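All remarks here apply to the structure that follows.
The values are calculated or read from the model by the stated rules, or taken from the named source; none is laboratory data. Everything numeric in this text was worked out from a predicted model, so none of it was measured. Note: ideal-geometry Cβ built from the backbone for every residue, glycine included; neighbour counts use all protein chains shown. Accessible surface areas use protein heavy atoms only, side chains included; no ligands, DNA or RNA. Shrake-Rupley method; radii C 1.70, N 1.55, O 1.52, S 1.80 Å.
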Amino acid sequence: QVHLVESGGGSVQAGGSLRLSCVASERTFSTYAMGWFRQAPGKEREFVAAVTWVTTYTWYADSVKGRFTISRDNTKNTVYLRMSSLQPEDTAIYYCASGTSIATMRQTPDYWGQGTQVTVSS
């Protein structure tokens, strides 16, 4: 059982930045790909960004391209999401997730974190 623990959420004004972190309790095939989803009130969960373990291939949703940067530190089993130029529409609970590939993780992650709230005020 892999545990994913997020941190770094909070409140920020529009145009500001935040960095989220997610630590995995261990490195397994199920953490080959790690990434972030978000869910805003009344909306479906949205896949935001992902990164692979070995190749560090990254993927971003169109809504965050150019503003968010995902990275990972394999020595710490940690993935980061640097969010810049934040807008009120970025307000959501952000969930860390992992899977054996980005494609499978987008459909059905193997593991989820508990989520961290990000609130952007105008």
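Listed values, structure above:
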{"quantity": "The chain, helix-only ellipticity at 222 nm - DSSP H runs n ≥ 4, -39,500 (n - 2.57), divided by all residues, nearest 500", "calculated": "-1000 deg cm²/dmol"}
{"quantity": "Where a label projected 7 Å from the Cα of Thr55 along Cα→Cβ would reach, residues of segment 93-122 with amide N under 12 Å", "calculated": "101-103"}
{"quantity": "Size-normalised alpha-carbon gyration radius of segment 24-67, reference 2.2 N^0.38 Å", "calculated": "1.33"}
{"quantity": "Most positive-pole-ward Cα, Tyr60, Gln39, Met105, against dipole of segment 1-118 from beta carbon charges", "calculated": "Tyr60"}
{"quantity": "Alpha-carbon spread of the chain, three principal axes, descending order, Å", "calculated": "41, 28, 23"}
{"quantity": "With every protein chain in place, the chain: carbon and sulfur % of accessible area (1.4 Å)", "calculated": "48"}
